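A short worksheet on the structure shown next.
The values are calculated or read from the model by the stated rules, or taken from the named source; none is laboratory data. Just so it is clear, the model here is predicted, and its values are computed rather than measured. Cβ placement follows ideal geometry from the backbone for every residue including glycine, while neighbour counts extend to all protein chains displayed.
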Amino acid sequence: MFPRLLPATRALILINVGVYLLAQLFPNLIAGLFALWPRGTGLFRPWQLLTYGFVHLQLAHIFVNMFALFMFGSTLEALWGARRMLFFFLVCVLTAGITQLAVQGSTGQEPTVGASGGVFGILLAFAWYFPRQRIILLFPPIPMPAWLFVTGYALIELFFGVTGRDAGVAHFAHLGGLLGGALCILYWRARHRFSS
C-alpha cells in the first residue's frame with residue numbers, strides 16, 4: 001500500500017523532476033551552474049551545496065531517489081509538518097555536499113549530483129522514528145525492519161566509500177546525509193529536553 005503524497009514531499013518530487021527535464025534540454029548549463037563541482041575545477045559556487053541535490057542527469061538515478069522520497073517522505077512530513085521536513089531534507093543535502101567536498105578534496109574533476117544525500121537522511125529519520133516498520137526490498141524481495149535496512153545500507157556505503165569500489169557513486173555524500181540527519185534529530189531532541 002502506497003502512502004498519501006503530502007504537499008512538501010510532492011513539491012520536492014516535482015522540483016526534482018522539473019530540473020531533470022531542464023537538464024535533458026540544457027545539460028551543460030544545468031550541470032555547470034547547479035551540480036556540485038570540486039573546488040579545484042574552478043567551477044565551484046557556494047549555492048551548489050544545495051542546488052546539486054535537485055540535479056539528476058540519468059533517469060534511473062532520479063527514479064530511485066524520487067521513489068524513496070515518495071515512500072518515506074510523506075510519513076515524516078505527517079509526523080513533523082511540511083516546514084520541518086523540508087528543513088531536514090535541506091540540512092541532509094547540505095551535510096552530504098560538505099562531506100563529499102571534504103573527502104574529495106581539490107583533486108576531483110567530476111561533479112556530484114542528485115538528491116541521494118537528502119534521501120539517505122530521510123531513510124535514517126524513518127528508521128529512527130519507525131524502527132520496527134517492515135521494509136520490503138525490490139531486489140531481492142526480503143522484508144526487514146527499517147533499522148536493519150538503514151544500518152545495513154550505511155555499512156555497505158561505508159565499505160564502498162573506503163575501498164573505492166563503485167567509484168562513480170558519491171558514497172561519502174550518502175554517509176554525509178545520514179550524519180546530517182542524525183545530528184539534526186539529536187539537536188531537536190536536546191533542544192526539546194532543554195526547553196522542557
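Quick one: how many residues across the range 25-48 are part of a helix (DSSP H, G or I), surrounded by fewer than 19 Cβ atoms within 10 Å (Cβ to Cβ) and either touching a residue at least 40 places away in the same chain (Cβ under 8 Å) or basic (Lys, Arg) (or both)? Before you say what the answer is, go through the steps one by one.
As a first pass, look at the range 25-48 and keep what is part of a helix (DSSP H, G or I): 25, 27-34, 39-41, 48.
Going one step further and asking which of them are surrounded by fewer than 19 Cβ atoms within 10 Å (Cβ to Cβ), we end up with 25, 27-29, 31-33, 39-41.
Then keep just the ones that are either touching a residue at least 40 places away in the same chain (Cβ under 8 Å) or basic (Lys, Arg) (or both); that gives 31, 39-41.
Qualifying residue count for the region: 4.
Is it the case that some residue within the range 52-62 is closer than 30 Å to Arg189 by Cα, modelled with pLDDT of 95 or more and surrounded by fewer than 17 Cβ atoms within 10 Å (Cβ to Cβ)?
No, that holds for no residue.
From the list Ser106, Ser196, pick out the single residue that is at pLDDT below 85 and touching a Lys or Arg at 6+ places or on another chain (Cβ under 8 Å).
Criteria check complete, one pass: Ser106.
Given the residues Gly114, Gly176, Gly180, which is the only one that is crowded, with 22+ Cβ neighbours inside 10 Å and at positive phi? Let's see the steps before the verdict.
Values: Gly176 fails: at positive phi; Gly180 fails: at positive phi.
Exactly one residue qualifies, and that residue is Gly114.
Out of all the residues in the range 80-89, which are surrounded by 14 or more Cβ atoms within 10 Å (Cβ to Cβ) and among the charged types (D, E, K, R)?
Across the range 80-89, the qualifying residue is only Arg84.
Any residue that is assigned to a strand (DSSP E or B) and more than 19 Å from Gln58 (Cβ to Cβ) - is there at least one of those in the range 107-121?
No.
Just checking, how many residues over the range 104-139 are more than 17 Å from the chain's Cα centre (by Cα) and in contact (Cβ under 8 Å) with a residue 60 or more places away in the chain? Before the answer, list the steps.
Narrowing the range 104-139 to residues more than 17 Å from the chain's Cα centre (by Cα): 104-110, 129-139.
This time we only want the ones that are in contact (Cβ under 8 Å) with a residue 60 or more places away in the chain, so: 104-110.
Residues in the range 104-139 being more than 17 Å from the chain's Cα centre (by Cα) and in contact (Cβ under 8 Å) with a residue 60 or more places away in the chain: 7 in total.
Can you tell me which residue within the range 140-151, out of those that are free of Cβ contacts under 8 Å to residues at least 24 places away in the same chain and out of contact with any strand residue (DSSP E or B) (no Cβ under 8 Å at 6 or more places or on another chain), is surrounded by the most Cβ atoms within 10 Å (Cβ to Cβ)?
Trp147
Could you check the range 155-168 and list, in sequence order, the residues that are outside any helix (DSSP H, G or I) and either at pLDDT 95 or above or out of contact with any helix residue (DSSP H, G or I) (no Cβ under 7 Å at 6 or more places or on another chain) (or both)?
Those that are outside any helix (DSSP H, G or I) and either at pLDDT 95 or above or out of contact with any helix residue (DSSP H, G or I) (no Cβ under 7 Å at 6 or more places or on another chain) (or both): Gly164, Arg165, Ala167, Gly168.
Quick check on my filter: what residues within the range 69-79 are surrounded by 15 or more Cβ atoms within 10 Å (Cβ to Cβ) and touching a Phe, Trp or Tyr at 6+ places or on another chain (Cβ under 9 Å)?
Selection gives Leu69, Phe70, Met71, Phe72, Gly73, Thr75, Leu76.
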